[in-house]
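Working notes for the structure below.
The values are calculated or read from the model by the stated rules, or taken from the named source; none is laboratory data. Since this is a predicted model, take the numbers as computed values, not measurements. When we count neighbours, we look across all protein chains shown, and the Cβ atoms used for this are built from the backbone with ideal geometry, even at glycine. Surface accessibility is based on the protein's heavy atoms, side chains included, excluding ligands, DNA and RNA. Shrake-Rupley method; radii C 1.70, N 1.55, O 1.52, S 1.80 Å.
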Amino acid sequence: MKLNIVCIPGDGIGPEIVKQAKGALDRVASVYGHEITYKDILMGGASIDVHGVPLTEEAIADAKAADAVLMGSIGGDTTKSPWYKLPPDKRPEAGLLKIRKALNLFANLRPAVLYEELADACPLRGEVRRGGFDMLIMRELTGGLYFGERRTVTENGVRKAVDTLTYSEDEIRRIAVKGFEIARKRRQKVTSVDKANVLDSSRLWRAVVEEVAKDYPDVALEHMLVDNCAMQLVKDPAQFDVILTENMFGDILSDEASMVTGSIGMLASASLNDTKFGLYEPSHGSAPDIAGMDIANPIATILSASMMLRYSFDLDKEADAVDRAVKAVLKEGYRTGDIMSDGCTQVGCSEMGRLIAERIS
Ligand code: NAD
């Protein structure tokens, strides 16, 4: 298969971790007989330094022409970097918002996985985390409260603020379809999270999700109220496979789920549109405090590349091989500094990348 990938190394540790993810993809290509072409584009601070803007139209066109985009991370030290003296629409993060909009990325996927070997990093008690957990939060990214009409007015001398939460059935249907499709590649369970006891938008959400579920009889569907879900995530995280939810609930629940894994350097993410196209990136930022030191953990980015193989290219066997290689390296006791524990062998970013690539078979 021919894989046409655009890479955004970005800022801080971005170039170091993307290099390791490319190493893993190259190994996949040579073991499984695929052909990968890469094109690097600039975004964030790296683009500001060269072009004066965080993302150019040419870079967007390159991204649109690709099958998928692999990103490191963008941004610098927000207190010290000159990038943050620029107006908000010229700062590094504006590039990220612009590319998400240009590529119509409405579905955000964040897996939260607790690896047996890293169980000590999990803040939950032993009997709660049991044999680990492996869930994926599917969050609607372009609708709901964050994109609704808003205003602040003063009425009779009293300030009043209004935010509107709107969802159309089409917006709900397209993310629900993604959720069920992805559940089919996992453990065939969707937990749809809403606040249907209070909100009209949630009642519509629930009704449309029920309609979509009819096309996926092989996938089990349950509904859960968002307040209960927040509790269940720390009470019994292993019960979840795919959590499907709207923008604001997903924003909050995905951070909660990440926290219970305890290891930010391990968490991948993807943002998809209504085709197979996606942008894949680690959940963490550009870590300017450790940039250029070859100590960053490249695993979140390598696992993002694995998600790319699975969700943009339907190369599930290859994605499984990458995931297995990550588990093997952890089992053998290799750790980067951020996940180091007693009795393990500490390695740097490039060595961790090399060890993982070597084990892809
Ligand atoms: P951060 O995630 O970059 O760093 C938080 C802490 O985690 C730091 O101590 C860092 O060293 C550590 N860390 C993060 N990733 C790591 C890794 N792979 N290996 C080892 N340690 C790691 O968050 P921050 O410091 O709040 O933000 C730094 C910059 O990143 C800011 O400019 C912010 O805007 C940007 N940011 C970008 C994205 C993105 O590109 N999608 C996301 C979040 C933050």
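The numbered conditions (1) surrounded by fewer than 21 Cβ atoms within 10 Å (Cβ to Cβ); (2) hydrophobic (A, V, I, L, M, F, W, C); (3) part of a helix (DSSP H, G or I) are all true for Ala196 except (3). Out of all the residues in segment 178-188, is one or more under 28 Å from Met307 (Cβ atoms), touching a helix residue (DSSP H, G or I) at 6+ places or on another chain (Cβ under 9 Å), outside any helix (DSSP H, G or I) and among the aromatic types (Phe, Trp, Tyr)? Within segment 178-188, none of the residues are under 28 Å from Met307 (Cβ atoms), touching a helix residue (DSSP H, G or I) at 6+ places or on another chain (Cβ under 9 Å), outside any helix (DSSP H, G or I) and among the aromatic types (Phe, Trp, Tyr). Within segment 326-346, the set of residues being closer than 16 Å to Gln20 by Cα and polar (S, T, N, Q) comprises Thr336 only. When restricted to residues that are over 21 Å from Leu355 (Cα atoms) and open to solvent by 60 Å² or more (accessible area, probe 1.4 Å), segment 19-66 contains 13. Does Ala161 satisfy the condition of being among the small types (Gly, Ala, Ser) and part of a strand (DSSP E or B)? Here the answer is yes, as Ala161 does meet what is asked. Filtered by the rule that a residue be crowded, with 24+ Cβ neighbours inside 10 Å and at positive phi, segment 67-114 gives a lone residue, Gly75. Where strands (runs of 3 or more DSSP E) sit wholly within segment 212-286, those with at least 2 residues that are away from the ligand (no atom under 16 Å from the Cβ) and open to solvent by 40 Å² or more (accessible area, probe 1.4 Å) occupy 220-225.
Taking the conditions (1) touching a strand residue (DSSP E or B) at 6+ places or on another chain (Cβ under 8 Å); (2) under 21 Å from Tyr280 (Cβ atoms) in turn, Gly353 satisfies each one other than (1). Within segment 287-317, the only residue that satisfies the criterion of being more than 16 Å from the ligand (Cβ to nearest atom) and open to solvent by less than 10 Å² (accessible area, probe 1.4 Å) is Leu309. Checking segment 62-81 against the condition returns a match, with at least one residue being among the charged types (D, E, K, R) and either outside the structural domain of Lys276 (by TED's automatic domain parsing) or within 13 Å of the ligand (Cβ to nearest atom) (or both). Which ones in segment 1-18 are within 17 Å of the chain's Cα centre (by Cα) and surrounded by fewer than 19 Cβ atoms within 10 Å (Cβ to Cβ)? Result: no residue meets the conditions.
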